[in-house]
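S.K.: I am attaching a structure below and will ask some questions about it afterwards.
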Amino acid sequence: MAKFRSPRGTHDILPDEAAVFRRVYETSRRVFEHSGYREIITPMFEEKELFARSVGAETDIVKKEMYVFEDRGGRILALRPEGTASVIRSYLQHGLHAAADIQKLYYLGPMFRYDRPAAGRYRQFHQVGTEAIGSMSPYLDVETIFLLRELSIDLGITRASMHLNSVGCRECRPGYIGVLKGYLGDRLDQLCGDCRTRFEVNPLRMLDCKNESCQAIYRDTPLIIDHLCEECEGHFDEVRAILTATDIPFVLNPRLVRGLDYYTKTAFELVPDAEAGGSQSSLGGGGRYDELVEMLGGAPTPAVGFSAGVERLVTALEELGEKGEGAGADGKPDVDVFFVVTDEETRRTAFRSMFELRNRVRIDMDHSGKSVKAQFRLANRLGVSLTVVFGGDELKRGVVNVKDMESGDEFEVPLSELGTRLAEIRTP
Ligand code: HAM
């Protein structure tokens, strides 16, 4: 039994899974960069106040789930629970608005939430996401939805639906909240404790309660989409029309509310289909946040973005049986060439040659003193395409024996030409 274990809610990403993680990262980068988004890397911790202001002081994320600590200089900091606040902080700090009308940025990396660990819910997890800052255009809402959809489809996740709603803005939301509170006010005694608290501090979040008996009451509540101001309604109509015109399927979900307070207008989540056997939690989500830049001290600047949970994408891939078989889990062997040695003398030469050639070819060898036969067995198991035998007699003639593992062909190659020949054979 190991003396230490990874902290509760965290997980090690072992090499097989790391290959799948990397596939998610690489696919994300490609999808984002093909749409003109550029990478931004911000610190993993920020002033706590940044998240309180943007995500919302009364949200679960800020109230219950943040890793907050005081550093030796007395600063109150928090591990980032999400990426948007940091990106906007950086956008303002470096005056990125001056560089382009619309800044299109993306990020990848770990986030931290002191959440109750469950399937697909971790305390350190990873997100990939984009933010398009500086435009009100509904086309950018649709581009953002497209990016989330494209990412999941590229990864082979097809059985998931895009849920869509509008959560209004500072003009229309207070009116709707009044209507909602009016409706729910005399039903409070039938609601759970959490919902009664939310009624006071964050009534929209009530609709997101997982409690069956609360949901039964919310079934007939007034809906925000019936209380949008003219501008929000027009924007939402446009978003839906463009989604339809671009063949992006969506499900109108007027009860969709997000766990972060900064959203305005469009909100969306990609949810795995229940019949696909997927877990019900969202693979990714996002929306418009036209008031956030201003709330953090900038000029009024509309923006829209999303992020997806890498662990959830990986789980969805696994549930769909798309993980890929064989060594390295991405279907590729870990190395292409295996060096076989016959004794300790030839090991020296092989070892040195391996160092010289590794910048061109992926090579490994055994170091546990295996017999030649056992070294070949290992080479087979690794799935390499070539083995190179360093034999004493051959080396005296300055040659080594190369074996093509697929065809079984063997041929001698001068040691001085080995790198060139291996590279040629590997990439004909
Ligand atoms: P969010 O909905 O809080 O949005 O998180 C986005 C995704 O992160 C979720 O859909 C889920 O896949 C993943 N996720 C969240 N919490 C956990 C957890 N505890 N364990 C594993 N995965 C998790 C945001 O974070 C916003 N910043 C998205 C955004 C960007 N909106 C505008 N721009």
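S.K.: Measuring from centroid to centroid over Cα atoms, what is the spacing of region 203-257 and region 16-53 in Å?
M.R.: 28
S.K.: Right, another one. Working from the pairwise distances between different alpha carbons, so that the mean of 1/r is found and then inverted, what is region 111-225's Kirkwood radius in Å?
M.R.: 17.4
S.K.: With r defined as the distance between the Cβ atoms of PHE355 and CYS229 and R0 fixed at 60 Å, what FRET efficiency is calculated, to the nearest 0.05?
M.R.: Here the calculated transfer efficiency is 0.35.
S.K.: At 0.36 nm per residue, minus the direct Cα-Cα distance, what do ASP343 and GLU424 gain on full extension? Give it in nm, one decimal, please.
M.R.: Between ASP343 and GLU424, full extension yields 26.4 nm more.
S.K.: Amide H to amide H under 5 Å from ASP290: which residues, 5+ apart in sequence or cross-chain, H placed 1.01 Å off N in plane?
M.R.: Hits under the 5 Å cutoff: THR264, ALA303.
S.K.: Would region 347-401 count as rounded, prolate or oblate if I go by the C-alpha gyration tensor, calling it rounded below 1.5 in a/c and otherwise prolate when a/b exceeds b/c, oblate otherwise?
M.R.: oblate
S.K.: Give, in nm to one decimal, the length gained when the segment between ASP154 and LEU395 is fully stretched (0.36 nm per residue of separation minus the Cα-Cα distance).
M.R.: Taking 0.36 nm per residue and subtracting the Cα distance, the gain is 81.9 nm.
S.K.: Additional query: Hey, any idea what % of the chain's accessible area is carbon plus sulfur with a 1.4 Å probe?
M.R.: 49
S.K.: Here's another thing I want to ask about it. Could you rank the peptides 411-419, 86-94, 18-26 by their average count of other C-beta atoms within 10 Å per residue, with the highest value first?
M.R.: 86-94, 18-26, 411-419
S.K.: Determine the percent antiparallel among the DSSP beta bridges restricted to region 1-153, to the nearest 5.
M.R.: Expressed as a percentage, antiparallel bridges in region 1-153 total about 90.
S.K.: Ok, one more. Under a 1.4 Å probe, what is the accessible area of the chain per residue, stated in Å²?
M.R.: 50
S.K.: Mean 1/r over all different Cα pairs, inverted: what Kirkwood radius does the chain give, in Å?
M.R.: Hydrodynamic radius (Kirkwood, Cα only) of the chain equals 25.0 Å.
S.K.: Does region 185-237 come out rounded, prolate or oblate by the C-alpha gyration tensor, with a ≥ b ≥ c the root eigenvalues, rounded set by a/c under 1.5 and, if not, prolate when a/b is larger than b/c and oblate if not?
M.R.: prolate
S.K.: Still on this structure, I have one more. Sort region 1-129 into rounded, prolate or oblate with this rule: let a ≥ b ≥ c be the square roots of the eigenvalues of the Cα gyration tensor; rounded if a/c is under 1.5, and if a/c is not under 1.5, prolate when a/b is larger than b/c, oblate otherwise.
M.R.: oblate
S.K.: Another question, then. Using a Cα distance threshold of under 21 Å, what count of lysine pairs results for the chain when pairs must be 8 or more residues apart or interchain?
M.R.: 11
S.K.: Return the percentage of antiparallel bridges among DSSP beta bridges fully within the chain, rounded to the nearest 5 %.
M.R.: Counting DSSP beta bridges with both partners in the chain, the antiparallel share is about 80 percent.
S.K.: To the nearest 20 debye, what charge dipole does the chain have about its Cα centre, counting +1 at the Cβ of each Lys and Arg and -1 at the Cβ of each Asp and Glu?
M.R.: 1260
S.K.: Order the peptides 135-147, 221-233, 190-202 from the highest to the lowest mean number of other Cβ atoms within 10 Å of their residues.
M.R.: 135-147, 221-233, 190-202
S.K.: Between GLU17 and ALA245, what's the calculated FRET efficiency when r is the beta-carbon distance and R0 is 35 Å? Round to 0.05.
M.R.: My answer for the efficiency is 0.35.
S.K.: Starting from the Cα gyration tensor of region 57-182, multiply each eigenvalue by 5, take the square root, and state the resulting semi-axes largest first in whole Å.
M.R.: Equivalent ellipsoid semi-axes, largest first: 25, 22, 22 Å.
S.K.: For the chain, find the longest principal axis of its Cα atoms and tell me its angle to the long axis of helix 84-93, 0 to 90°, nearest 10.
M.R.: Between the helix axis and the principal axis of the chain, the angle is about 90 degrees.
The values are calculated or read from the model by the stated rules, or taken from the named source; none is laboratory data. Keep in mind that what you see is a predicted model, and the values were worked out from it rather than measured. Cβ sites come from the backbone with ideal geometry, for glycine too, and all protein chains shown count toward neighbours. Accessible surface is based on the protein model in full, side chains and every heavy atom, while ligands, DNA and RNA are left aside. Shrake-Rupley method; radii C 1.70, N 1.55, O 1.52, S 1.80 Å.
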